[in-house]
Amino acid sequence: MAKTIIKYISHAGFQITTGAGKIIYIDPWFDNPIGGFSREDVKGASLILVTHDHFDHVGQAPDIVKMTGGLLVANVETGRRLQNEFHIPAEKVCYFGYGMNIGGNLLYEGISITMTQAFHSTASGAPCGYVIKLEDGTTLYHAGDTGIFDSMKLIGELYKIDVAMLPIGSVFTMDPQQAAWATKMISPKKVIPMHYKTFPILVQDTKAFADLVKKEAPAVEVVSLNPGEEYTYGK
Ligand SMILES: [Zn+2]
C-alpha cells in the first residue's frame, strides 16, 4: 500500500494526496478564522468535493476548479448552482454537469467516490458525505456535517474504512460523545476529528473525543491535527 498524505486544511477541509500523486480537495475554505489554508497553498487537483451548500464548506471550491482544472463533485442542485453562479464549464462538474446524489458512485482517474447520506441542512440540494477509494484501495470516509445515524455502521461494513474524518464540534454537528460512538460503529483504522475550534461556540479541542474513543473504540487510533498539519497513512 502506498502512502496517502492527508492534510487538514480548514474546518472540514482536507487535501488528500494519493499514493499515485493525485490531489483531492474536500470542502476547501481559505477564510478559516484559525488559518491553515490560503490561495498560495493550492496544488493542481484532480477532484474537488463539496459536502453541502454552506459558506464554510463550499469555500473556494469553484475558484479551485478554475485554478486547477479539477472536477467538481457535488450534489445535483449544489453543482448546478455553483456551475451557474461561478460560470464553471459543464464538463468540470461531475457527470457532465449533472452532479450526483446519495448512493451514486463516480470513478475518475482510478479514484472511486461514493456519495453517502448526512443529516444536516444546506442552501441547495441535500447534504452528504463521501467514501473515497483511492487507486491502491486505501479507503477514506468524510462524513460531512452530520448528526450521528446508525447507518454509519453499514458504511463501515460495506466499505472497510481505513481513515474516517468525523465532525466533533457540536452545535451544528455531532459532539464528542456521538462522534466517539460513530467511530465505534464505522470501525476505521484511524479517525481524524474535524469541525471544531473554528468558531468560539464549537468544542475547542479533541481531548474529550480522544478520551471517549479510547473507551468506546480502543482499537481505533485518533489522529488529531491542527489546520495546516498533515498525516501520512500507509507505508
Ligand atoms: Zn459546517
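For the chain, a simple Cβ point-charge model (Lys and Arg +1, Asp and Glu -1, everything else neutral) yields a dipole of about 440 debye relative to the Cα centre.
Antiparallel beta bridges, as assigned by DSSP with both residues in the chain, represent about 60 percent of the total such bridges. Dipole of the chain computed with +1 at Lys/Arg Cβ and -1 at Asp/Glu Cβ about the Cα centre; of PHE209, GLN117, VAL222, farthest Cα towards the positive end is VAL222. The string of couplings for region 89-103 from the Karplus curve (6.51, -1.76, 1.60, θ = phi - 60°) is x, 4, 6, 9, 10, 4, 6, 6, x, 6, x, 9, 9, 4, x Hz, one whole number per residue in order, with x for Gly and Pro. Checked against a 24 Å cut-off, the cross-linked pairs LYS153/LYS189; LYS22/LYS214; LYS43/LYS184 give Cα-Cα distances beyond that limit for LYS22/LYS214; LYS43/LYS184.
Between GLU216 and LYS160, take the C-beta separation as r, use R0 = 22 Å, and let me know the FRET efficiency to the nearest 0.05. Computed FRET efficiency for GLU216 and LYS160 comes out at 0.70.
Amide H contacts for ASN75 (H built 1.01 Å from N in the peptide plane; partners 5 or more residues away or on another chain; cut-off under 5 Å): MET100.
Can you compute the charge dipole magnitude of region 1-66 about its Cα centre, using +1 on each Lys and Arg Cβ and -1 on each Asp and Glu Cβ, nothing else charged? Give it in debye, rounded to the nearest 20.
On the way: 6 positive and 7 negative charges, 80 e Å.
Dipole magnitude for region 1-66 comes out near 380 debye.
Here's how it looks for THR51: its modeled amide H is under 5 Å from those of ASP27, which are all 5 or more places away or on a different chain.
When the convex hull of the Cα atoms of region 115-221 is projected onto a plane and the area is averaged over all directions, what value comes out in nm²?
Working: hull surface 26.9 nm².
Mean projected area of the Cα convex hull: 6.7 nm².
Highest GNM mean-square fluctuation, the chain, Cα pairs closer than 10 Å: which of ASP136, ASP53, ASP162? Residue with maximal mean-square fluctuation among ASP136, ASP53, ASP162: ASP136. Proximity of backbone amide H atoms, modeled 1.01 Å from N, is registered between VAL93 and LEU72 at under 5 Å, excluding neighbours fewer than 5 places apart on the same chain. Both radii come from the Cα set of the chain: Rg as radius of gyration, Rh as Kirkwood radius; their ratio Rg/Rh reads 0.93.
Between the residues SER170, VAL93, TRP181, the greatest Cα displacement towards the positive end of the dipole of the chain, with unit charges on the Cβ of Lys, Arg, Asp and Glu, is found for TRP181. Here the Gaussian network model covers the chain, with springs between Cα atoms less than 10 Å apart; of LEU47, LEU71, LEU154, LEU154 fluctuates the most.
Per-residue extension of 0.36 nm, minus the Cα-Cα distance of GLU135 and ASN84, leaves a gain of 15.2 nm for this segment.
When the helices of the chain are scored as -39500 (n - 2.57) per DSSP H run of n ≥ 4 and the total is divided over every residue, the value at 222 nm lands at -6000 deg cm²/dmol.
Given Cβ point charges of +1 (Lys, Arg) and -1 (Asp, Glu) and nothing else, what value in debye, to the nearest 20, does the dipole of region 112-235 about its Cα centre take?
Values: 11 positive and 13 negative charges, 43 e Å.
Charge dipole, region 112-235, about its Cα centre: 200 debye, nearest 20.
Here the Gaussian network model covers the chain, with springs between Cα atoms less than 10 Å apart; of GLY69, GLY79, GLY129, GLY69 fluctuates the most. Taking a quarter of the surface of the Cα convex hull of region 174-235, what do you get in nm²? Averaged projected hull area, Cα only: 4.4 nm². Looking at region 27-74, what % of the alpha carbon pairs are farther apart than 16 Å? Within region 27-74, distances greater than 16 Å cover 31 percent of Cα pairs.
Distance from the Cα centroid of region 195-225 to that of region 63-124 is 29 Å (rounded to whole angstrom). If the segment from ASN101 to LYS189 were pulled out straight at 0.36 nm per residue, it would be longer than the present Cα-Cα gap by 29.0 nm. Ranking GLY70, TYR231, LEU82 by Cα position along the charge dipole of the chain, where only Lys, Arg, Asp and Glu carry charges on their C-beta atoms, puts TYR231 farthest toward the positive end.
None of the figures in this text is laboratory data; all of them are computed from the coordinates on show. Remember, predicted model here, so these are calculated numbers, not experimental data. No Cβ is skipped: glycine too gets one built from the backbone with ideal geometry, and neighbour counts run over all protein chains shown.
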